[in-house]
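Okay, structure first, notes after.
The values are calculated or read from the model by the stated rules, or taken from the named source; none is laboratory data. Please read these numbers as outputs of a predicted model, since none were measured by experiment. Here the Cβ positions follow ideal geometry from the backbone for every residue, glycine too, while neighbour counts run over all protein chains shown.
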Amino acid sequence: MSLRLVVVNIDEILAALTLDEKAALTHGEDLWSTFAIERAGVPKIVVTDGPNGARGPVDPERSSGASVCVPCGSSLGATWRRCPSS
């Protein structure tokens, strides 16, 4: 897989989208990706959920599906309790 840098004008792309296409970008095509709007050059973007570690759909040819599970910062912070002074 190769990555390439593409420079785009966001205002032009948004002006070209219909209201239905803009609404489609506010929710996912499935649990792990956004809708692609090919006619406007908007690709499908695969996302992940952060607080439970970086993970996504399992591709048996590329990964085992394992991920690192890191506690969410706000949850970890809520576990600290100041000890009463003696």
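Kindly indicate the residue of the range 1-51 that is in contact with a helix residue (DSSP H, G or I) (Cβ under 8 Å, 6 or more places away or on another chain) and in a loop (DSSP other than H, G, I, E, B) and also nearest to Gly73 (Cα to Cα) among those meeting that condition. Step by step, filter the range 1-51, then rank; the result is Pro51. Within the range 27-69, the residues that satisfy the criterion of being at pLDDT 75 or above and of a type in the set (Lys, Arg) are Arg39, Lys44.
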